[in-house]
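Engineer: Would you mind keeping the following structure in view while I ask a few things?
Bear in mind that the values in this text are calculations on the coordinates, not laboratory data. Small disclaimer: the values here were computed from a predicted structure and weren't measured. Cβ sites come from the backbone with ideal geometry, for glycine too, and all protein chains shown count toward neighbours.
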Amino acid sequence: MQAALLRRSAAIPRVKVVGGGLAGLSAAVALGSVGFQVDLHESRPFLGGRATSFPLDPSDPDSERIDNCQHVLLRCFTNLLDFYERIGVADKITFYDRFHYVRPGGAVDVLKRGWLPAPLHLAGSLLHFRALDLSDKWSVIRGLLALWRDADRTDLEAITMGSWLRSERATDTSYQRFWRPILVSALNEEPDRAAASWAFQVFLDGMMADSTSYEMGVPSVPLSELYSSGKRLAPSVRTHTRSTIERIDPGSNEADFYICALPFERAASVLPDLDLRLDRFEHSPITGIHLWYDRPITELPHAVLLDRTLQWIFRKSDTYVQAVVSASRSLTGLARGRIIELACKEIREFFPAAKTAKLMRSHVIKEVRATYSSRPGLQADRPGSETKHRNLFLAGDWTNTGWPPTMEGAVRSGYRAAECVCRTAGFDAAFLRKRPDTSINTTTATREAAAPRRFRVKSPSGRLEQQLYDTR
Ligand SMILES: Cc1cc2nc3c(=O)[nH]c(=O)nc-3n(C[C@H](O)[C@H](O)[C@H](O)COP(=O)(O)OP(=O)(O)OC[C@H]3O[C@@H](n4cnc5c(N)ncnc54)[C@H](O)[C@@H]3O)c2cc1C
């Protein structure tokens with residue numbers, strides 16, 4: 001096998017990537033950018049995997065496209081943003097520096113950066129939160145300080161965030177109106193089911209790492225347009241949609257390297273001889289509820305909804321809003337009509353203008369297999385990129401990315417698998433990016449200038465080095 005690989009490396013190495021979600025796409029784009037010949041196979045007719053959109057009327061390709069569910073990112077999703085830059089769509093992400101928290105009845109609190117430096121940048125707005133009384137605010141402050149105190153605890157992966165919060169005597173209201181809304185949407189899991197380690201990461205690396213890391217990015221176009229409206233993925237990447245791969249055989253002659261970027265429930269059957277311990281993985285659902293009214297119901301671009309079933313709402317146009325429920329187990333058994341009724345009733349509570357608006361159209365998307373559930377004790381079962389086959393690598397948000405199941409985790413896994421391919425091919429490439437140092441006064445331009453070079457290449461052979469180039 002090794003001899004065959006070396007022989008072929010005199011020519012451009014060929015990589016077969018299976019799975020056209022963000023993990024597979026990012027691996028393909030990274031490898032394509034340094035000259036590998038990449039074939040990307042995706043079973044569906046479109047790219048993007050779980051972060052995608054489709055025509056409302058499948059018989060009419062020109063009909064309106066809607067996302068399976070609103071996907072958002074945080075400024076600290078450094079690798080996802082790098083991927084968007086590589087494919088030329090970074091300008092299609094709009095960042096917001098404030099979150100609106102709406103209570104039934106319509107009262108709004110705003111979480112935003114103040115003049116204090118990180119990690120206190122959100123403290124001022126929190127103190128003004130009318131949804132929390134003084135004892136709740138004190139409980140939040142105590143909890144946030146305790147995150148730092150406990151950050152090095154070694155048992156955080158073994159306990160739930162809910163149990164940690166109870167041990168810190170979080171008040172019920174601070175749990176329901178502060179901790180839970182942030183965590184359930186960031187982790188797609190209830191704090192009572194999610195490992196505390198990931199919840200700590202959401203706050204310490206996400207919300208509080210620096211004064212911009214909490215900013216929320218929302219794509220301004222349907223998700224699928226991100227992958228089709230950008231520059232070509234890379235000159236040497238060929239995409240094959242509607243191409244389902246039943247088995248990956250790393251000993252075959254189809255390619256020099258293989259990357260399996262499938263969701264965990266598919267990986268085992270495509271790679272039967274790998275000893276993947278997947279029996280403890282389970283899914284957590286997300287439900288997206290799309291509602292078209294005859295008139296605007298809110299001016300807010302997006303809002304966190306408190307104390308009810310709906311958790312977020314996004315205004316997609318003047319008259320189209322999308323509501324999101326993460327970890328939506330309570331909805332998966334409900335008929336779509338009941339879900340729409342419930343959503344409309346709650347929206348009338350939050351946005352009085354909806355009381356006089358007429359619902360023109362609606363659509364519910366239940367993603368029952370949205371992500372794996374980041375339960376305690378699962379980390380040991382998340383495999384790394386490498387496998388027992390030296391030319392076969394794993395990627396996907398469920399692999400050991402150091403992140404919970406997110407778009408950032410998926411891209412990290414893709415970049416890491418791409419680095420492994422490069423290393424095995426005999427040279428060194430670094431695609432993974434750390435978040436550059438930022439501060440409130442740093443402009444986007446200087447932040448980017450401070451970022452490290454996209455990749456560096458050290459080829460021992462010289463010959464291969466000539467075939468490596470940056471496409472940008
Ligand atoms: C409703 C919903 C909302 C979400 N919201 C957010 C959010 O706001 N922010 C965030 O960061 N993350 C969010 N996520 C999570 C995020 O979408 C995923 O973590 C990420 O997209 C996973 O990417 P992936 O490449 O690992 O897997 P996938 O996207 O699942 O990609 C795997 C691909 O493999 C393909 N495939 C399967 N079998 C085969 C086969 N045999 N041959 C070829 N191809 C095959 C699939 O069709 C799929 O395209 C959300 C997920 C869902 C479902």
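Engineer: Which GluC sites (Glu not before Pro) in region 240-335 sit in a loop by DSSP (not H, G, I, E or B) and have at most 10 other Cβ atoms within 10 Å of their own Cβ? Please report the intermediate quantities before stating the final value.
Structural biologist: Working: sites: 246, 254, 265, 282, 299; in loops: 246, 254, 282, 299.
Those that pass, being in a loop and sparsely packed, are 246, 299.
Engineer: log₁₀ I(q)/I(0) of region 285-372 at q = 0.17 Å⁻¹, via Debye over equal Cα point scatterers, no solvent, to two decimals?
Structural biologist: With no solvent term, the Cα-only Debye profile gives -0.63.
Engineer: Now for a separate question. Restricting to bridges with both residues inside the chain, how much of the DSSP beta-bridge set is antiparallel, in percent to the nearest 5? Provide the component values of the computation, followed by the final result.
Structural biologist: On the way: 42 of 60 bridges.
Restricted to the chain, the bridges split so that about 70 percent are antiparallel.
Engineer: Across the Cα atoms of region 306-431, what radius of gyration and what greatest pairwise Cα-Cα distance (Dmax) are found, in Å?
Structural biologist: 21.0, 66
Engineer: Can you spot the lysines whose alpha carbon is less than 26 Å from residue 16's alpha carbon? Ignore those fewer than 8 places along the same chain.
Structural biologist: Partners within reach: 231, 388, 458.
Engineer: Could you tell me which trypsin sites (Lys or Arg not before Pro) in region 326-406 are loop residues by DSSP with no more than 13 other beta carbons within 10 angstrom of their beta carbon? Could you put the intermediate results ahead of the total?
Structural biologist: Details: sites: 329, 336, 338, 345, 348, 355, 358, 361, 366, 369, 388, 390; in loops: 358, 388, 390.
The qualifying sites are 358, 388.
Engineer: Report the semi-axes of the equivalent ellipsoid for the chain in whole Å, largest first, where each axis is √(5λ) for an eigenvalue λ of the Cα gyration tensor. Intermediate values should be presented prior to the final figure.
Structural biologist: Working: eigenvalues 295, 129, 94 Å².
With the √(5λ) rule applied to the chain, the semi-axes are 38, 25, 22 Å.
Engineer: Near residue 56, within a Cβ-to-Cβ distance under 13 Å, what is the net charge of the other residues, with Lys and Arg +1 and Asp and Glu -1? Let's see the in-between values first.
Structural biologist: Numbers: positive: 65, 316, 361; negative: 57, 60, 62, 64, 67.
Neighbourhood net charge equals -2.
Engineer: Quick one: which residues, 5 or more positions from residue 157 or on another chain, have an amide H under 5 Å from its amide H? H modelled 1.01 Å from N in the peptide plane, none for Pro or chain starts.
Structural biologist: Under 5 Å from the amide H of residue 157: 197.
Engineer: For the residue pair residue 94 and residue 363, what label-to-label distance in nm results when each label sits 7 Å from Cα along the Cα-to-beta-carbon direction?
Structural biologist: It works out to 1.9 nm between the two label points.
Engineer: Using DSSP to call loops (not H, G, I, E or B), can you name the GluC sites (Glu not before Pro) in region 356-429 whose Cβ has at most 13 other Cβ atoms within 10 angstrom?
Structural biologist: Working: sites: 367, 386, 408, 419; in loops: none.
Answer in residue order: no site qualifies.
Engineer: How large is Rg over Rh for region 199-273, taking Rg from the Cα atoms and Rh as the Kirkwood inverse mean of 1/r across Cα pairs?
Structural biologist: Values: Rg = 18.7 Å, Rh = 16.8 Å.
Expressed as Rg/Rh, it is 1.11.
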